[in-house]
């Protein structure tokens, strides 16, 4: 099987024109098949403010009412997605920007939560591998925005980390998938304030220990849980590290490697 | 060769939720391969107003400065495009929403005009047939928003009528292409105020006569010029008529048929 990279880029890189441009250059230079998943950044919040749409964030998720969904679809699926695609095209990387509604590629349902109404937030049910494989075979890199649909006509705001994870899992039967989470830190760190305290390798056993000893920053736990869930569903390797160092992250010189092997 | 419909839907239908929904039901029910091209509608103008971005329209084209391009990419490529795709998916029509940057499918250049600076308005250079043909073969209907790119990283606001025409022309060697322009009127009319004065057939010769006798409403001339240009580039038939009557427009019971044959 050939190697496939599924790479998530976080919002704070998208907000920084220079960092984004440098990241996209690294992404475009990857010779293997590759998929990019981008988050939202501050632009949606800014636009909502300008339009006087009150925003409410609960446990890291944006409560998505009708007006907020409109903002999300405009900023994520429109402005950010198409600008990333246009930049990649200029770097001779043939990219195609999709939401989960396009080609019915990510089917989701409106989140059902016992106490919080998240509004139009989607949890993923399935990924359409056929279209993705077909695009990969045409040497086209898909760029996903964090928007899915329910196939009943409703768009849904969906966590980009989860999209990356589900895409990676679904394609793991067809490719050797490496799932890369990039963000503003050097990797998973023992001390959140010390960028040199990156943990280079985390296995299931080490993760259990680190959690027991409370050495993992709480904010990293959902990311790591996602990573191990991906590994147990067939993804070969997960890496977490700095977006500006994508080259070294991919070749293992920087960042945190998460794997089942010790 | 199999038949392919390239259908343009105008802005005033997009602005009307009920009319749009009815149009999309007709579109979804077409058994042949089909491509949809949508315009912008009032939403971009409304958003620009809300964001205090002054808008200037010269000869029917929006002068597109940086801020207006942002609005255009948000509204056209994001909100409108993804909502149309989600609605078509709910009607079991497997749609994929693209800008010209996606898959490098429509390459354009910034308009060069001797006296007017249109800003980021694009004129089309070429259409990538390979990707379109591949999607058609997967029974996927492409939904185009009126945004293209220059492959140098710049998105460009591009006339939807022209996109429909260029797509139709480029695919005419591979399919028997019917190009359908839908708008708010019953068709091309002898008297612009009389909806019953629809001209059922226009040939090249008849068009010449009608123009000579000044019986064609000035606003229709660019549309008809586009139609004849498409015909002379291999498109089989052009039809112009009411969006709400797409079924009867396609089967020739309503609207204006434009062809080379008398």
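In table form, for the structure just shown:
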item: Computed [θ] at 222 nm, deg cm²/dmol, chain B (DSSP H ≥ 4; -39,500 (n - 2.57); rounded to nearest 500); result: -9000 deg cm²/dmol
item: Shielding score for A:144-156, defined as the mean number of other chain Cβ atoms within 10 Å; result: 4
item: Axis-proximal residue, chain B, for the rotation superposing B on A (Cβ, Å); result: B:78, 1
item: Between the range B:119-189 and the range A:185-241, the alpha-carbon center distance in angstrom; result: 46
item: Burial ordering of B:207, B:181, fewest other beta-carbon atoms within 10 Å first; result: B:207, B:181
item: Percent of alpha-carbon pairs separated by more than 15 Å within the range A:26-93; result: 59
item: Residue B:201-residue B:248 FRET efficiency (beta carbon distance; Förster radius 22 Å; 0.05 resolution); result: 0.90
item: Nm distances between copies for residue A:138, ranked from closest, using label points 7 Å along Cα→Cβ; result: 0.7
item: The protein assembly as shown - Rg (one decimal) and Dmax (whole number), Cα, Å; result: 24.5, 89
item: Estimated FRET transfer efficiency (residue B:176, residue B:52; beta-carbon r; R0 45 Å; 0.05); result: 0.40
item: Rounded FRET efficiency, nearest 0.05, which uses the C-beta distance separating residue B:133 from residue A:42 and R0 of 30 Å; result: 0.15
item: Residue among A:69, A:210, A:249 with the largest mean-square fluctuation in a Gaussian network model of chain A, springs linking Cα atoms under 10 Å; result: A:210
item: Spherically averaged projected area of the range A:56-129 from its Cα convex hull (nm²); result: 6.1
item: Cα convex hull volume per residue for chain A (Å³); result: 131
item: Inter-copy label distances at residue A:46 (7 Å, Cα→Cβ; nm, one decimal); result: 2.4
item: Three-way shape label, the range A:87-173, alpha-carbon gyration tensor, a/c 1.5; result: prolate
item: Per-copy distances of the residue A:114 label point, shortest first, in nm (7 angstrom along Cα→Cβ); result: 7.5
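Since every read-out is calculated from the coordinates, none of them should be taken as a lab result. It should be emphasised that the depicted structure is a prediction, and the values quoted were computed from it without experimental measurement. Glycine gets a Cβ as well: all are built from the backbone with ideal geometry, and neighbour counts include every protein chain shown.
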